[in-house]
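Shown next, in structure tokens, is the structure this report addresses.
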Amino acid sequence: MPLTNNVIIKLNEITTVVEDKNKLKEEEIEIIKSIFKEILDKGERYDVDDIESWFENEGSWQNKNSRIRVINLSHYIQDKHEQTARLKIIQDK
């Protein structure tokens, strides 16, 4: 599934927020989590592999560990969102 323009805009927002791409600060990590949560809360979807590819090709994310951290955050938030959605469906029954 290709990334939508809205998701790409949010990924660019992450790139802008992070000052030092070699070492993520705790506050930046929290912002990144909230951005991925916002994407999902608005009904957008993303494939983690596409997120990984986007960060690898973006250019300013030279540090592989930082890229992996952001990708792991995207996956974590996506899993958490899906689990919450399943619980809501079960509770509705």
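Just so you know, all these numbers are worked out from the coordinates, no wet-lab data involved. It should be emphasised that the depicted structure is a prediction, and the values quoted were computed from it without experimental measurement. When we count neighbours, we look across all protein chains shown, and the Cβ atoms used for this are built from the backbone with ideal geometry, even at glycine.
Within the range 49-78, restricting attention to residues that are touching a residue at least 40 places away in the same chain (Cβ under 8 Å) and charged (D, E, K, R), the residue that is farthest from Ser34 (Cα to Cα) is Glu58.
Entry remark, the range 55-86: residues being assigned to a helix (DSSP H, G or I), hydrophobic (A, V, I, L, M, F, W, C) and under 19 Å from Lys23 (Cα atoms) number 5 in total. On the stretch given as the range 8-35, residues that are touching a residue at least 40 places away in the same chain (Cβ under 8 Å), part of a helix (DSSP H, G or I) and within 14 Å of Phe55 (Cα to Cα) total 5.
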